[in-house]
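A short write-up of the structure that comes next.
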Amino acid sequence: MNGIMMVQRLLIGPLNDQQQELLKIAYQGSTTMLALINNLLDISKMEQGSMSLDRKPLIPYAIIDRALERLQASANSSFIKVEQRLAAHLPPLEADDEKIVRVLQNLLDNAIKFSPSGQVVTLGVDLVTSTHPLSAQVPIRNPFPPGDWMVFWVQDVGKGVPSAYHRRIFEKFGQIRGQKVRGTGLGLAFCKLTVEAHGGQIWVESEEGHGSVFVFILPLAG
């Protein structure tokens, strides 16, 4: 990747447009392969219990901004609008910021990938505590476990996930049969292991043909 970048920057001479385009494709392919390798390594470490988390106080709005920044170009190219529904006055969260950003990034990437062009993907954050019930406008129906939680959710209007795959898609290489859009089958496995390593839970609420809502909850500290 460094070698490709050096050539792209014309450090060894000029390039024509066709050469630049081929180098761009090569670099994008290398980036995809690097992400695949990192996911495999991280999943392996978490399965063995050897993945350390760099926990620190995080502002939820900053996490959202970072994840959206990474996916904005993809959303624009697919003509997908990403809407935000963020509760006000969210408290800091004790978590590993890079890993939680990657969780949000994976969920947003899937929502964009499986949504028809011109549709809307919604990203939301809210709280569930003994004194703060979930807002009625949040499209989550499953009951929450006891405790105080910060709730992240990503909603799309794609084809939905058949009930038989609600658990399967969070396993390594778990994919829905017959899907035209294919991935590595590692993104949701990474999300599940990361969220559970933080003491949280993740699930999908979906009916085939009616879109999906991917939800993960993280415990509030203190």
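The values are calculated or read from the model by the stated rules, or taken from the named source; none is laboratory data. From a predicted model like this one, the values you see are computed outputs, not experimental measurements. Heads up, the Cβs are rebuilt from the backbone with ideal geometry, glycines too, and the neighbour counts pull from every protein chain shown. Ligands, DNA and RNA are stripped out before the accessible areas are found, and what is left, the full protein with its side chains, is counted by its heavy atoms. Shrake-Rupley method; radii C 1.70, N 1.55, O 1.52, S 1.80 Å.
Might you let me know whether the stretch 155-174 holds any residue that is modelled with pLDDT of 90 or more, open to solvent by 50 Å² or more (accessible area, probe 1.4 Å) and hydrophobic (A, V, I, L, M, F, W, C)? Yes. For the stretch 182-222, filtered to residues that are at pLDDT below 90 and open to solvent by 50 Å² or more (accessible area, probe 1.4 Å), the residue that is farthest from Asp109 (Cα to Cα) is Gly222. Count of the stretch 127-154 residues, restricted to those that are open to solvent by less than 10 Å² (accessible area, probe 1.4 Å) and touching a Ser or Thr at 6+ places or on another chain (Cβ under 9 Å), is 2. Within the stretch 99-114, residues that are under 14 Å from Ala189 (Cβ atoms) sit with their Cβ atoms under 6 Å from residues that are part of a helix (DSSP H, G or I) and not hydrophobic (A, V, I, L, M, F, W, C), at 6+ positions apart or across chains, in these pairs: Lys99/Thr194; Val103/Thr194; Asn106/Gly187.
Condition check ((1) closer than 27 Å to Val213 by Cβ; (2) among the β-branched types (Val, Ile, Thr); (3) crowded, with 16+ Cβ neighbours inside 10 Å) across all residues:
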| residue | (1), (2), (3) |
| --- | --- |
| Glu21 | no, no, no |
| Thr31 | no, yes, no |
| Ser50 | no, no, no |
| Ala73 | yes, no, no |
| Ser77 | yes, no, no |
| Leu86 | yes, no, no |
| Ile100 | yes, yes, yes |
| Leu107 | yes, no, yes |
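Might you check whether a residue that is closer than 18 Å to Ser212 by Cβ, touching a residue at least 60 places away in the same chain (Cβ under 8 Å) and in contact with a Phe, Trp or Tyr (Cβ under 8 Å, 6 or more places away or on another chain) occurs anywhere in the stretch 161-174? Taking every residue of the stretch 161-174 in turn, none turns out to be closer than 18 Å to Ser212 by Cβ, touching a residue at least 60 places away in the same chain (Cβ under 8 Å) and in contact with a Phe, Trp or Tyr (Cβ under 8 Å, 6 or more places away or on another chain). Taking the stretch 81-107 on its own, how many of its residues are of a type in the set (A, V, I, L, M, F, W, C), under 16 Å from the mean Cα position of the chain (by Cα) and not in a helix (DSSP H, G or I)? Of the residues in the stretch 81-107, 2 are of a type in the set (A, V, I, L, M, F, W, C), under 16 Å from the mean Cα position of the chain (by Cα) and not in a helix (DSSP H, G or I).
Which is assigned to a loop (DSSP other than H, G, I, E, B) and touching a residue at least 12 places away in the same chain (Cβ under 8 Å), of Leu53, Leu10, Leu15? After ruling out the rest, the residue left standing is Leu53.
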